[in-house]
Number of protein chains: 4
Amino acid sequence: MPKISKAQRDSRREQILEAALACFSEEGFHQTGMADIVGRSGMSHGAVYLYFRGKDDIIEALADDRHRSEAILNSAAQQADDPIARLRALVRAYARALIDPDGEARRRVGVHGWAEALRNPRVRARVVEGIDIPRALIVGLVERAQGAGRLSNELSADAVARAFVALFQGFLLQVAWGEAIDVDSCVAVVDRMLGGLEPGEARAEPPE
Amino acid sequence: MPKISKAQRDSRREQILEAALACFSEEGFHQTGMADIVGRSGMSHGAVYLYFRGKDDIIEALADDRHRSEAILNSAAQQADDPIARLRALVRAYARALIDPDGEARRRVGVHGWAEALRNPRVRARVVEGIDIPRALIVGLVERAQGAGRLSNELSADAVARAFVALFQGFLLQVAWGEAIDVDSCVAVVDRMLGGLEPGEARAEPPE
Amino acid sequence: MPKISKAQRDSRREQILEAALACFSEEGFHQTGMADIVGRSGMSHGAVYLYFRGKDDIIEALADDRHRSEAILNSAAQQADDPIARLRALVRAYARALIDPDGEARRRVGVHGWAEALRNPRVRARVVEGIDIPRALIVGLVERAQGAGRLSNELSADAVARAFVALFQGFLLQVAWGEAIDVDSCVAVVDRMLGGLEPGEARAEPPE
Amino acid sequence: MPKISKAQRDSRREQILEAALACFSEEGFHQTGMADIVGRSGMSHGAVYLYFRGKDDIIEALADDRHRSEAILNSAAQQADDPIARLRALVRAYARALIDPDGEARRRVGVHGWAEALRNPRVRARVVEGIDIPRALIVGLVERAQGAGRLSNELSADAVARAFVALFQGFLLQVAWGEAIDVDSCVAVVDRMLGGLEPGEARAEPPE
DNA sequence: TATGAATGAGACTTCATTCAT
DNA sequence: AATGAATGAAGTCTCATTCAT
C-alpha cells in the first residue's frame, strides 16, 4: 500500500529529523514549535504527521542516541585484547567525539534529552539505553582487567563504569556549554585517573 | 512604608520558590504552568507577580544554585591545610549531597537548568557561576598540591578541576535519574582516581 | 463625621485629578492604569478610592469640561452688546485657548472624551453639557443678530451655531495632534466666514 | 502554493474587519476584546491570527480610512474646472457621507481613531494620511481660486483648508454622537461661509 | 501522498478593586 | 483616614494537531 518506497520514506524522515535536531539544539524541545521544524524541513505541517505521530515522537526519535554511542564505540574497537588499552581507547574515542564540530547539535540535544528523561519515560528509556551500551562495555572491560590483575579487585566494576560515564557526561556538558576546554589535557588527566585504579597500595590514604 | 516586613516578604518569596521547585522538578520549566506554581504555593495568581516579574524570573531564581554550592563547600571546609585532604573532603561532601533525600528536587531542577542554560543567557550565567565556585576552589587546591609536590606537575590544574567537576555532574545526573548507585563505592573509585594524579611514573603507558 | 475639612478633601481630589489628567493625556483612559494614577498622584491605592468611586468616576470628573467652557466664555464676555462683535470675541477666545501651552493635556483628554462619549452615557452627558453651553450662547447671539438684521435670516441659527462649534472642535483636534497651525491665519479665515453670513445676496450662487 | 486564493483570503480579512468595525464602533478599541471580534466574525480564535498579527494590526487596518476619503473625493469629482464649484461639490459630498446610515460605524470608529492617534504613532500616521488627502486637494483648489481672483488673496490657503477640514471633522463628531443635525441647513451655512472668503472688503470689521 | 488553513484549549500576564491592618 | 498586599476574572496570543481538498 505504501505509495513511496521505503528509501524515500526514510529520506523524508531523516529530513525532518535533521530539521528538528537543529531546532531543538537551538531552543530545546519545548521552546521549539512544530512550525519551526516544518519551516526548516521545507515540508508541510501535514507531511510531518505522515512520518511521525507527533512532536513527542520526533523528540523520542532524537533522544535515541544508540547510533552515536555505537559509532563511538566502534571507532574505539581494536584488535588489542588488553582491557586497559581498550579503556584508554574508549576515552580517546569519546574525546574525539567531544571536539567534533559536526556533533555540536547532537551534544546540545543530548543535554536537553537528559532533562527530558527526567519526566518523559519513553525518552528516559531511550536515553538510558544509549548510556547502558558503553557502561555495560566498561563493566565488562573492568571485570576482565580485574580478573587479569590489572585493576584493583577492591573496586566495584559498576562504580568504575559509572565514574567513567560520569566523566564523559560531565565533559560533554561543559563542551556543550561552549566552555574553553583543552580536551587533550583532560584526556591526560583521565589517563592518570585510570592509572590510579591499578592494583597496589593506594598511594594516599583516604581520611578514615 | 512597606506594609509587610522584609522577613514576611522573603517568606512569601520562598513559598513561591518552593512550589516552583517542586513543579519544575516534576515537569521541567516549560511544561510547568504558572497555574501549577500558583496552585501549589497556595497563593493567588496575581500575588505571584508581586514577588516575581514573571515565570522567567522564577526560573532564574531557581537556576541560581550558588547557595547550594557554597553549602556543600562549607561542609567540606576543615582546618586541615593539606590540599589533597581538602580535595578528598570535597568529594565526600558532594557524595553526601548526592544521597540527601531532601535534595532530590534541587538535583532534578539542576539538570533542567543545565539544558536551559544552553539557550537562556541569564540562566546560563547563574548556572555557570554556581559551578565556577567549586571549580576555582579545586584549581587552587590542585596548584597548591602541585607546588607541594603532591600532585604531578605534568597535569593542567584546569583539566584536573574540570575532571572533578565532570565527575560531580555526571554522578548527579545519574542520581537524578534515580539509578541504583552505590555512592560509597563511587567515592572509593574517585579516591583511587585522585591517587593516580600523584607524581611519579604513570603506571600504565597510554597507547602511543 | 468627616475627619478632614472640605478644603483638604477638595485638595486631595484635585491632586488625583491632576495626576489622572496627565496620565490620560498621554495614554488615554483605557490604557492608563489605576497604578499610573496612584503613582503620579503620590497617594496610595486605597486613598484614591476614598475620593472617587473608581476609575470611571475619575474619567467622568475629567470629562466634565464645563469649567473650561465657562472660563473661555467668560474671557470673551464684554460689555459690548453687539452680537456680531461678541461672536468675533468668542472666536478669539477659543483661538487663545487653543494655543495655551498649559491647556495641552486638557485638549488631548478632551479628544479622548469625545471617543469615550460614544460608549459611556455618563461621560457623554458631561461632554455634551460642556458643548451645549457655548452652542446655546451662539444660538442666542445669532438670533439676536438676525433680529437686528445683522445676519441673514435665511440661515438656521442652530446650524450656524453647530458650524462654529464644528470649527472649534476641528481646530482643537488638529492642535491636539500637534499639527503646525497658524492660529491667527485661521482666525482671519473664520472672521471672513462669519462675514459671509451677513444678509445680502450670497455672492456666489451655490449649484442649484 | 497558497491553499486559498487571494480573493478568499481578502474575503476572510474583510469578514474580520467588518466584525471588528462593529465591535469597535460600539465599545471602542480598548474595551473591545478579541473574543468579541472572534465571536462576531464567526471565525475561530486562532484563525484571526492567520490574517492579522494581533489586535493592534486590526486597529491599524481600520484606522486607515484613505479608501473612504478617496471615495468621498471621487464622488465630488466633476468635469467643471471651476475651483469654487469644486469646493462646494466637496462640501456636499461630505454632507452626503455624513448622513449615510451605512457609514455610521465608520464614523464612530473614526472618532475613536482620532483619540487613538494621540498615543499610537502607527494609527496616527494612517489617520493623518486619510486627512491629508482632502486637505491637500482643498489647498490646491484654494490656490487656484486665489490665482483666478475668486478668493481673497489675503487668506492663507492652508488656513482655509484647515478650516474646511475642521468643519468636516466637527460635523462628523456631532453626527457620530447622534445629535439632531439638519445637514442641509448646515450645508447652507457652509456655503455662505465660503462666500465670505471671496475678495472684497470684509463686510464687518473685526474688533480692533 | 501532500497541503496548509483552521481549531480551541491553554499559556502567561495585567489590573480595578477590596480589606485587614 | 490611610495603606498596600492580595485577589481572580479577564485579557491577548500561541501552538500541536486535524482534515477537507
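Things worth noting here:
- Here is the figure for region C:151-165: residues that are more than 8 Å from every other protein chain (Cβ to nearest Cβ) and more than 17 Å from C:V91 (Cα to Cα) total 1.
- Candidate set: region D:99-121, residues that are in contact with a Leu (Cβ under 7 Å, 6 or more places away or on another chain) and of a type in the set (A, V, I, L, M); chosen: the one farthest from the other protein chains (Cβ to nearest Cβ): D:A105
- Members of region D:151-167 that are in contact (Cβ under 8 Å) with a residue 40 or more places away in the chain and either surrounded by fewer than 17 Cβ atoms within 10 Å (Cβ to Cβ) or not in a helix (DSSP H, G or I) (or both): D:L151, D:S152, D:N153, D:L155
- Considering residues of region C:79-90 that are at the interface with another protein chain (Cβ under 9 Å from one of its Cβ atoms) and touching a helix residue (DSSP H, G or I) at 6+ places or on another chain (Cβ under 6 Å) only, the residue surrounded by the most Cβ atoms within 10 Å (Cβ to Cβ): C:I84
- Pairs, first closer than 23 Å to B:D10 by Cβ in region B:24-49, second basic (K, R) and more than 9 Å from DNA strand F (Cβ to nearest atom), C-beta under 7 Å, six or more apart: B:S25/B:R108; B:M34/B:K55
- Residue count, region A:57-81 (criterion: free of Cβ contacts under 8 Å to residues at least 12 places away in the same chain, away from DNA strand F (no atom under 16 Å from the Cβ) and acidic (D, E)): 1
- Test: residue in region D:130-139 that is within 10 Å of chain C (Cβ to nearest Cβ), out of contact with any Leu (no Cβ under 9 Å at 6 or more places or on another chain) and touching a residue at least 40 places away in the same chain (Cβ under 8 Å): yes
- Where a residue in region B:168-185 is more than 7 Å from every other protein chain (Cβ to nearest Cβ) and its partner, wherever it lies, is of a type in the set (V, I, T) and not in a helix (DSSP H, G or I), with Cβ under 9 Å and at least six apart: B:V175/B:I181
- Of note, B:L50 does not satisfy the criterion of being on the phi < 0 side of the Ramachandran plot, more than 11 Å from DNA strand E (Cβ to nearest atom) and not acidic (D, E).
- Selection count, region B:1-30, where residues are surrounded by fewer than 16 Cβ atoms within 10 Å (Cβ to Cβ) and hydroxyl-bearing (S, T, Y): 2
Rundown of residues vs (1) away from DNA strand E (no atom under 16 Å from the Cβ); (2) β-branched (V, I, T); (3) part of a loop (DSSP other than H, G, I, E, B), yes/no style:
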position: D:I84; (1), (2), (3): yes, yes, no
position: D:G103; (1), (2), (3): yes, no, no
position: D:V109; (1), (2), (3): yes, yes, no
position: D:H112; (1), (2), (3): yes, no, no
position: D:R119; (1), (2), (3): no, no, yes
position: D:V128; (1), (2), (3): yes, yes, no
position: D:G149; (1), (2), (3): yes, no, yes
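- Residues being closer than 22 Å to C:T32 by Cα, of a type in the set (D, E, K, R) and more than 8 Å from DNA strand F (Cβ to nearest atom) - total across region D:1-56: 2
- Filter result for D:R96 (surrounded by 14 or more Cβ atoms within 10 Å (Cβ to Cβ), away from chain C (no Cβ under 11 Å), under 27 Å from C:W177 (Cα atoms) and away from DNA strand E (no atom under 13 Å from the Cβ)): yes
- If you filter region D:31-74 down to residues that are within 14 Å of another protein chain (Cβ to nearest Cβ) and surrounded by fewer than 18 Cβ atoms within 10 Å (Cβ to Cβ), you find that the one that is farthest from D:A97 (Cα to Cα) is D:G46.
- Unique residue being more than 7 Å from chain B (Cβ to nearest Cβ) and in a helix (DSSP H, G or I) when the list is A:V190, A:V142: A:V142
- In region C:115-125, the residues that are crowded, with 17+ Cβ neighbours inside 10 Å and closer than 13 Å to C:L62 by Cβ: C:E116, C:A117, C:N120, C:V123
Each reported figure results from applying straightforward, stated rules to the coordinates on display, with no laboratory input. Because the structure is predicted, anything quoted here is derived from the model rather than measured. A quick note on method: Cβ atoms are made from the backbone with ideal geometry, for glycine too, and the neighbour counts reach across all protein chains shown.
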